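Participant: Here it is, the structure in full.
Any read-out appearing in this document is the output of simple, stated calculations on the displayed coordinates, not a laboratory observation. The model shown is predicted, which means the values in this text are computed figures rather than measured ones. Every residue, glycine as well, gets a Cβ built from its backbone with ideal geometry; the counts of neighbours run over all protein chains shown.
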Amino acid sequence: MSNNQIDQQPLVTLLSDFGDRDVYVGIMKGVIAQINPRLTVVDLTHQIPPQDIAAARFSLMNAYAHFPVGTVHLAVVDPGVGSKRRAIAVEFTQGFLVGPDNGIFSGVLSQSPAIAAVELTNLNYWRTPQPSKTFHGRDIFAPVAANLASGVPLKQLGQEIDPVSLVNLDIGNCKQTTTSVVGCIQYIDHFGNLVSNIPASYVQGKSWYVQVAGLSVPGCKTYSEVKVGEIIALVGSHGWVEIAINCGDAHSQLQINLQDVLEVLFFSENQTSEYC
């Protein structure tokens, strides 16, 4: 090994709706450390709203690309825990996904399709052959993620399944017309920004505005292009068109919610825009 090479174990990321009040997250980290204390564990977030699979889907979709190839992403937002929903591990180009088969990974897989997938049926890689009916994060997902990051082959973890059979959480696709793009709100962040499912590529290099809930919202590049307290549309750091209020909470002030429809419209060359 050259001096420039680093002997580093793969990363494991954690995402959940467990919050930081209880010990659930710490327990999962303890289980991972029991299997391999050399693994680096990164908390993506544990503040996903309870049982909000759509928010978890969006958050993981916008985080995975910022980690090294080979990273194991462990995600537990699991309202179906203890039911017949499958526990799965998935290999994709950037690494691996471990968690419930409830659509939580469908955002990632829409951008980087699955290479292979297994249902986690090999009890040898569970913490116990009799897992809790309410805490698969501790008893199944954390030990599997630790073993996977430590080099256990995916196929050894359980029964192979067709990636096509994985649950897809359908939030709808944006639709382009000759003069506009119609989409919906797919995520609301901590600041109350309303993130749509319209990618930045649709508005790049164009003059545009958004119509939503009876409002016409200017399409700009930075918050500072409008006054404090004014509504604005712009492309967020995640690469999606979003609605915001400069130094305010667009969700609470505008009463616009998940799945609400919005439309991006474009100015023609002959039109004069009073917007940004």
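Participant: About the Cα centre of the chain, what is the dipole size in debye to 20, counting +1 per Lys and Arg Cβ and -1 per Asp and Glu Cβ, all else neutral?
Facilitator: For this selection, approximately 620 debye.
Participant: Also, I was wondering about something else. Provide, for q = 0.12, 0.22 Å⁻¹, the log10 of I(q)/I(0) from a solvent-free Debye sum over equal Cα point scatterers in segment 51-142.
Facilitator: -0.34, -1.11
Participant: Right, here's the next one. Rank by packing, highest mean first: peptides 35-41, 88-94, with packing defined as the count of other Cβ atoms within 10 Å averaged across residues.
Facilitator: Top to bottom by mean Cβ count within 10 Å: 88-94, 35-41.
Participant: Given all pairs of different Cα atoms, what value in angstroms does the Kirkwood hydrodynamic radius of segment 175-266 take? Could you put the intermediate results ahead of the total?
Facilitator: Numbers: mean 1/r = 0.0784 Å⁻¹.
Kirkwood radius, segment 175-266: 12.7 Å.
Participant: Across the chain, how many lysine pairs separated by 8 or more positions, or lying on different chains, have Cα atoms within less than 26 Å?
Facilitator: 10
Participant: With the crude spin-label approximation of a point 7 Å out along Cα→Cβ, what separation in nm comes out for Asn124 versus Gln47?
Facilitator: For the pair Asn124/Gln47, the computed spacing is 4.2 nm.
Participant: Calculate the radius of gyration of the Cα atoms of segment 11-165 to one decimal place, then report Dmax, the largest Cα-Cα distance, as a whole number, both in Å.
Facilitator: Calculated on Cα positions, Rg and Dmax stand at 13.7, 38 Å.
Participant: Going by how many other beta carbons lie within 10 Å of each one, how would you line up His73, His66, fewest first?
Facilitator: Least crowded to most crowded, the residues run His66, His73.
Participant: Magnitude of the Cβ-charge dipole of segment 1-137, K/R +1 and D/E -1, about the Cα centre, nearest 20 debye?
Facilitator: Approximately 260 debye in magnitude.
Participant: Follow-up question, since we're still on this one. Please give the peptides 249-259, 48-58, 171-181 ranked by average Cβ packing (other Cβ atoms within 10 Å per residue), highest first, as a rough proxy for protection.
Facilitator: 48-58, 249-259, 171-181
Participant: Hey, another quick one. Ranked by Cβ crowding within 10 angstrom, fewest neighbours first, how are Arg21, Arg138 ordered?
Facilitator: Ascending Cβ contact count within 10 Å gives the list Arg21, Arg138.
Participant: Another question, then. Along the charge dipole of the chain, Cβ charges K/R +1 and D/E -1, which of Trp240, Ala142, Gly70 sits furthest on the positive end?
Facilitator: Ala142
Participant: Note the listed values (i) 17.8; (ii) 16.7; (iii) 15.8, then indicate which one is mean projected area of the Cα convex hull in nm² calculated from this particular structure.
Facilitator: (i)
Participant: Here is a further query. Suppose we keep just the DSSP beta bridges with both residues in the chain; what percent of those would be antiparallel, to 5?
Facilitator: Details: 41 of 56 bridges.
Bridges in the chain that DSSP calls antiparallel: roughly 75 percent.
Participant: Which is farthest toward the positive dipole end of segment 85-146 among Pro129, Ile115, Gly99, measuring Cα position about the Cα centre, with Cβ charges +1 (Lys, Arg) and -1 (Asp, Glu)?
Facilitator: Projecting each Cα onto the dipole axis, the largest value belongs to Pro129.
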